[in-house]
Amino acid sequence: MGRYFAIRIGRAALTIVLVVTFAFVVLRLSGDPALMILGPEAPPEVLAAFRKAWGLDDPIWFQYLDYFHAIAKGELGRSMRDGRPAIELVLERIPATLALTLPAFVFKVALGVPAGIYAALHRGSAIDRAVMMTAVAGFTVPSFVLALILVLVFAVQLGWLPSGGQDSWRHAILPIATLSLGGAAVLARFTRSAMLEVLGQPYIRTASAKGVPWRKVVTSHALPNAAIPTVTILGFMVGTLIAGAVVVESVFAWPGVGRLLVVAVANRDLAVVQCILLLVAMTMVTSNLIVDFLYGFLDPRLRAKGAHA
Amino acid sequence: MSPLVSIRDLRVAFGGVPVLRGVDIILQEGEAVGLVGESGSGKSVTWLAALGLLPRHAQVSGSVRLDGRELLGAPASELDQVRGGRIAMIFQDPASALNPVLTIRRQLCEALILHRNLSGEAAKAEARRLLDVVGIPDAGRRLEAYPHEFSGGQVQRIMIAMALAGNPDLLIADEPTTALDATIQAQILELLSAIRREMNIAMVLISHDLGVVAENCDRVAVMYAGRIVEQAPSNQLFADPVHPYAQGLIGALPPLDGPRRRLTAIPGTVPDPAQMPDGCAFAPRCAMVAEACSVSAPSLARIADDRAVACIRAEASRCALLGIAAE
Amino acid sequence: MSPPLVEVSAISRSYSMRSGMFGRAAAVHAVDGVSLTIPRGETLGLVGESGSGKSTTGRIVLGLEPPDRGEVRFDGKAMATPGTAAWRAQRARMQMIFQDPLGALDRRLPVATQIREPLDIHGIGTPAMREERVRELLRAVELMPAHGTRYPGALSGGQRQRIVLARALATKPDFLVCDEPVSALDVSIQAQVVNLLCDLQAQLGLTLLFISHDLRVVRQISTIVAVMYLGRIVEIGSADDLFARPEHPYTQALVSASPAPGRRSAGRIVLAGDPPNPAARPQGCAFHPRCPRAVARCASEVPALSAVGGDRQVACHLVTGAQTRDAA
């Protein structure tokens, strides 16, 4: 069991290193931060001074090692734009993002999972078809399109809700709706197919054959089994709590982590981008670890395997 | 004596395609009846339909009575009392027949709670006793194990224990040993017949294996394309099959001793349920087919007190016999 | 007298298998010192339960996997190294048929194309000759030329197995390994395929290794039968004699467990215990924990396969030639 998780954690750490390295390389190769921040008209000596101040004139592998060295010491660097520690900039945006993603997560689960279960239990019914059509639509329509549609309808046409900004709770409604609908569609589809798979299993027929009322067959035999694959997708969604709202935050001008990322990338504000990516990689990896734990809890077959070690 | 179960003209169709085309079975208390037939003959569907276990889109008609009470169309609550309580069922594939995420104790106690009003320690003690009965060693400890921790033969024993939990009057065993190795098959069949003797439970043994059915049943019904074509006491059926299909099945079975003979294979394949031939469904493969065979489907007719055959040839020979008797 | 077509001497094969995902790897002896001789034109039936190593033996004999120890000789020559021209030439003379014909066929190709495939691969004949050969093969397996244009999904299980058989025969092989070829078929269809196999063998002079758990089918088709238990042969002899007078306690139990119409189960030998697990092979005679006649010696000493009279060989401490035969 210990070895199992040692391997998992080792793999998680490697994932983080790879993500950070990739980001580092791509950002350095795709543009000169000095030019981006100071502008093309800046005098050469100013540019040179800027590069020297931020260590941009060192060889790239040196910068890379330096960067990892700093991370190891817990220093994530400073923003090249205003000189504040990157971590501070990022942390102050997190509550805004969570204000969207946490309620959205709750709505996704509350909408998607029951819809999927209901559709599976009434396969072929009108409601099943309606749920599936909605789900496919939610699945295929990109979130920025959905966001724009919602803005057109509820902000422009009806004028019920604001189209952007972060002044009151009413401003959060449309971004949360956008995030919830797409996620609920994914969850509904996934839950439905997991449920259908389970309902076709012989042990469901066994339960019915021993006189278990259908409602109980569903709750105590089908659901625990269907939960196993559904947890995977839920884990993935938990992993996107921090960074999953990039598009939506941009469309609705919501000052969260996602918007900070977009701005930082545009400006080649290296420390900030890297800080966000590190944070995102860590949440992803952590949620994957949690999913692995949950698997062991939900599926005795995996538990038994772990217990042998 | 009124029968335990009587099935009359049971018909099942899926999307308008008939798979069961009028089945009659009478089952007495404590009796062991075998249902033999090839895949698609309807032997499992008969009992799944009788217990309301088919998918909702199945169209079922006819009558299934248990102690005189109609089961078809009965309310779900009444069926739930019958299933597992009066009629229990075990299935072919032991590996997937038990819920993988629940302990054996939970799955056994579920039936005890439903049908015996036991709970807590009493249910657990009874579950342990049932595991003992079916020969699972170290029952007390094994109760907390999950299905994947047992071998195929042991899972089938647990299935039998679960079936016994509700003290049923009838056990339907649907290909209970098909997925098991020969020596384990022998163990399970012996267990089934021991239980049947001791508890006086009636049994329906569904199998494609003529040998299994012949050895374990008093009476056998041979099914073909959704109908019973011959019904007879086991020893008579195998010694002297009357229906050409029953003859073919027995001739197709290679002997294990005595001289080797060429197998009498039945030509062709089972007809597609969506395109049943007119008249007798077996006629296109029958060596003794006559013109009349394609006109109308022969009904199951008595040829002796305890034998019935659905074949016009058999009817003819019976008439001939009666004619001789009358002279 | 010509030498036997297939000679298998003392082949062994073990796999390393983990118990669960994180358990320690343990060696599983799938096949352990198996020797067989199959004379030309005859059929050797290989019988055993799951885990007996009968399928692995078949795969090794066919050269689909190499033995760890021992040797397979085909037509007097050792098996060539896989991938070489000599190996391909040898492989064209030996073919295999599996239990699941649908898995062995490509669902997206008409079956005639699949029958012709080995001819294309080995470059046998002109295209016109290949077409003619396909028609001939379809006739040989008692199908119509029209069946050739169909896709596997449009054929019944028995017809698919005939297609697989036709494809296996395309290169005019001398040797066929059949692994549970009729186990998935209904009884009436099973009889058709068994009869067909017997006929083709007689016509073409094929040599067969017929692997099955079904004693009846094995007896019907085989001249020699070998019974395997946990990777070893425990008894071998001529088919009729072996099933009529099994000597090894395991063979006796197997024969007795085979249900027969017209016989009630009284007097059946029912073995206790679970089927054998190749990963936990008992010491001594692997069968001793389930053997109704086991004595102390069985738990410590592995019995060797030895002749007990006639052409019968048995691996059991309690069956030693003359005296048991006399007693019986």
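None of the figures in this text is laboratory data; all of them are computed from the coordinates on show. Since this is a predicted model, take the numbers as computed values, not measurements. Cβ coordinates were reconstructed from backbone atoms using ideal geometry, including for glycine residues, and neighbour counts include every protein chain displayed.
What the table shows:
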quantity	calculated
Extension gain (nm, one decimal) between C:Leu204 and C:Ile124, 0.36 nm per residue minus Cα-Cα	27.0 nm
Chain A - charge dipole about Cα centre, Lys and Arg +1 at Cβ, Asp and Glu -1, debye rounded to 20	1580 debye
Sites matching trypsin sites (Lys or Arg not before Pro) across segment A:42-97 that sit in DSSP coil, with at most 11 neighbouring C-beta atoms within 10 Å	A:Lys73
Neighbour-count ranking [beta-carbon atoms within 10 angstrom, fewest first] of A:Met132, A:Met36, B:Met162, C:Met94	A:Met36, A:Met132, C:Met94, B:Met162
Furthest towards positive pole of dipole, B:His57, B:Gln154, B:Pro244, structure part the protein assembly as shown, Cβ charges	B:Gln154
For B:Ala139, net neighbour charge (Lys/Arg +1, Asp/Glu -1) across residues whose Cβ lies under 9 Å away	+2
Calculated FRET value between B:Arg116 and A:Ala266, using beta carbons and R₀ = 56 Å, to 0.05	0.20
Loop trypsin sites (Lys or Arg not before Pro), segment A:98-133 (other Cβ atoms within 10 Å of the site Cβ: 10 or fewer; DSSP)	none
Cα-centred dipole magnitude for segment A:38-85, charges only on beta-carbon of K, R (+1) and D, E (-1), debye, nearest 20	200 debye
Local electrostatic count at B:Ala163 - Lys and Arg +1, Asp and Glu -1, tallied over other residues with Cβ under 15 Å	+2
Theoretical gain in end-to-end length, B:Ala304 to B:Gln236 [0.36 nm per residue, Cα-Cα removed]	23.4 nm
Ranking of A:Asp167, B:Asp181 by count of other Cβ atoms within 10 Å, fewest first	A:Asp167, B:Asp181
Estimated inter-spin distance, A:Leu35 and A:Arg123, nm [label 7 Å along Cα→Cβ]	5.9 nm
0 to 90° range, to nearest 10: angle between helix B:104-116 axis and chain B longest Cα axis	80 degrees
Average partner coverage of B:260-269, which counts Cβ from other chains inside 10 Å	6
Span-rule helices in chain C, defined as complete DSSP H runs reaching 24 Å or more along the axis (Cα) with Kyte mean at least 0.5	C:187-204
Förster radius 30 Å - calculated FRET efficiency between C:Arg88 and B:Ser39, Cβ distance, rounded to 0.05	0.15
Angle between chain A longest axis and helix A:270-298 axis [Cα atoms, degrees, rounded to 10]	20 degrees
Between 0 and 90°, nearest 10: helix A:86-121 axis offset from chain A longest Cα axis	20 degrees
Restricting segment B:237-291 to trypsin sites (Lys or Arg not before Pro) in coil, as DSSP defines it, with at most 15 other Cβ within 10 Å	B:Arg260, B:Arg261, B:Arg262
At R0 = 22 Å, FRET efficiency that the Cβ-Cβ distance of A:Met133 and A:Ala110 yields, to 0.05	0.65
Ranked list, fewest to most other Cβ atoms within 10 Å of each Cβ, for A:Met133, A:Met282	A:Met133, A:Met282
Rounded, prolate or oblate (a/c below 1.5 giving rounded, otherwise prolate when a/b exceeds b/c) for chain A by Cα gyration tensor	oblate
Simple spin-label estimate for C:Leu64 and C:Glu136 in nanometres, 7 Å along Cα-Cβ	2.7 nm
Within-11-Å neighbourhood charge of B:Arg21 [Cβ basis; K, R +1; D, E -1]	+1
Over chain B: helical MRE at 222 nm, DSSP H runs n ≥ 4 each giving -39500 (n - 2.57), nearest 500	-10500 deg cm²/dmol
Cα gyration tensor shape of segment A:142-299, rounded if a/c is under 1.5, else prolate or oblate by comparing a/b with b/c	oblate
Cross-link reach list, aspartates and glutamates versus B:Lys124, counting only Cα pairs under 12 Å and skipping chain neighbours closer than eight places	B:Glu110, B:Glu144
Segment A:38-86 pair-distance distribution - Cα-Cα, 5 Å bins, rounded %	5, 19, 20, 26, 18, 8, 3, 0
Reachable lysines, given that their alpha-carbon falls under 26 Å from the alpha-carbon of A:Lys73 and they are not under 8 places away in the same chain	A:Lys52
Unit charges at the beta carbon, dipole of the protein assembly as shown: most positive-side option, A:Gly244, B:Gly120, B:Val212	A:Gly244
Magnitude of the charge dipole, the protein assembly as shown, Cβ model with Lys/Arg +1 and Asp/Glu -1, debye to 20	740 debye
Segment B:79-191 shape via C-alpha gyration tensor axes, a/c threshold 1.5	oblate
For B:182-193, mean number of other protein chain Cβ atoms within 10 Å	6
Where a label projected 7 Å from the Cα of C:Thr113 along Cα→Cβ would reach, residues of segment C:131-154 with amide N under 14 Å	C:148-153
Packing-based ranking, highest mean first, of B:34-42, C:160-168 given that Cβ atoms within 10 Å are counted	C:160-168, B:34-42
